[in-house]
1. Over the chain, what is the relative contact order in whole percent, taking alpha-carbon pairs under 8 Å and six or more residues apart?
2. Taking region 26-117, which chymotrypsin sites (Phe, Trp or Tyr not before Pro) meet the DSSP loop condition and have no more than 12 other C-beta atoms within 10 Å?
3. Positive end of the charge dipole of the chain (Lys, Arg +1 and Asp, Glu -1 on Cβ, about the Cα centre): tell me which of Phe138, Asn329, Tyr14 has its Cα farthest that way.
4. Could you point to the residue in Pro37, Ile195, Phe252 farthest towards the positive end of the chain's charge dipole, with +1 and -1 charges on the Cβ of Lys/Arg and Asp/Glu respectively?
5. If you keep only loop residues by DSSP, which GluC sites (Glu not before Pro) in region 254-327 have at most 16 other Cβ atoms within 10 Å of their Cβ?
6. Can you tell me the Rg and Dmax of region 180-228, counting just the alpha carbons, in angstroms?
7. Pick from Lys255, Lys296, Lys102 the residue whose mean-square fluctuation is largest in a GNM of the chain, springs joining Cα atoms under 10 Å.
8. So in region 169-344, what percent of DSSP beta bridges are antiparallel if you round to the nearest 5?
Amino acid sequence: MKRILFITNLPTPYRVDFYSELGKHSDLTVIFEGKRPGDLTFNWNDDKITTFKPIYLNESLNEKKVDTSILKHLDNKKYDAIIISCYYTYTQTFALLYMKLKGIKYYFETDGGMISYGEKNIVKKVKRFLIGGAQAYFSPSKGSDEYLNYYNAPAEKINRYPFTSLSETDILNNALTKAAKKEFKQKLGITEDKIVITIGQFIHRKGFDVLLKSCEFIDKSVGVYIIGGKPTDEYLEMKQKLALSNVNFVGFKSKNEIEEWLMAADVFVLPTREDIWGLVINEAMGFGLPVVTTDKCVAGVELIKDRECIVPVEDVEALYKIINNILHNDEYAIKISNNNLASIRNNTFQNMATAHLNVINKN
């Protein structure tokens, strides 16, 4: 059984689930820079950690502070593989520099990245120095491959892994019937026969303003629900100005509550202006939903096979046309749902762990 050290920033839920799966097949230690983000008081998932050893360097994450205590863990004699995942935090930058100086072999993992073509040359050189030199690289997408390669990772050392927030049991065997969706709608107090949902923060990057503009051209009998907290004045004013009586802003929901909304929904939309992945895409596909997103959502570009469901960013017309096509053609919607379920089945924690172990075992 391989002895693996994984270094990351926070014990986020999907990460803990992945490490828990990896820990079933290896002697795994995970160093978290902090238990929680910033000054927040909650911890994630402490009670779920059973198959690996967690080490917390601090109670809360401070990305701009170096914690030198990490050095005592960086030893190839204790581990068969050391994997680092956040080169941009000061502690992990420090760890990278130390391993390079001492000739300690390590692996580099990313869950996404965007090439900054206009950056200063000195910044590019620093990134190339930090990213280059790993034993091997873990990448979830073609775009991430290009990102790593641009910043000095040899193409032959880049290995693809399925990035996810889903276990095998989280993925439905079949898309839900109309009758089943109706039951979930009734449970949630939804009166519309069909609904469109999206999930995310009310920030410009998520593109909810583009969705609202497209709602002018979606039948008012269709409910549109934006889930993600308190809407800003911008969105409230836009709803009023465009007379969008069928648009509803829904507050923050727990994981279990989100699952009920996904069960009730007929179409999921993420009109993002930029997402280096977008795990909510995985989750919507796992519930057998037709998913519409933009060409700036890496998860969509990587996973969705019905390419007409990927629209140009900020293209209001393309967005409402594909949504309407899905809403008004049940046979078409079922085809997309089945394609999404088939596409997402490989993107599980089990396969994510296997992909990592396969790379480590061959190096």
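1. Numbers: 695 pairs, mean separation 54.6, N = 363.
Relative contact order here is 15 percent.
2. Numbers: sites: Phe32, Phe42, Trp44, Phe52, Tyr56, Tyr79, Tyr87, Tyr88, Tyr90, Phe94, Tyr98, Tyr106, Tyr107, Phe108, Tyr117; in loops: Phe42, Trp44, Phe52, Tyr79, Tyr87, Tyr88, Tyr106, Tyr117.
Listed in order of number, the matching sites are Phe42, Tyr88, Tyr117.
3. Toward the positive end, the furthest listed residue is Phe138.
4. Positive-most Cα among the choices belongs to Pro37.
5. Values: sites: Glu257, Glu259, Glu260, Glu274, Glu283, Glu302, Glu308, Glu314, Glu317; in loops: Glu274, Glu314.
Qualifying residues, ordered by number: Glu274, Glu314.
6. Rg then Dmax for region 180-228, in Å: 12.1, 34.
7. Comparing Lys255, Lys296, Lys102 in a Gaussian network model of the chain, the most mobile one is Lys255.
8. On the way: 0 of 17 bridges.
Approximately 0 percent, going by the DSSP bridge assignments.
Every number here is computed from the coordinates shown, using simple stated rules; none is lab data. Because the structure is predicted, anything quoted here is derived from the model rather than measured. When we count neighbours, we look across all protein chains shown, and the Cβ atoms used for this are built from the backbone with ideal geometry, even at glycine.
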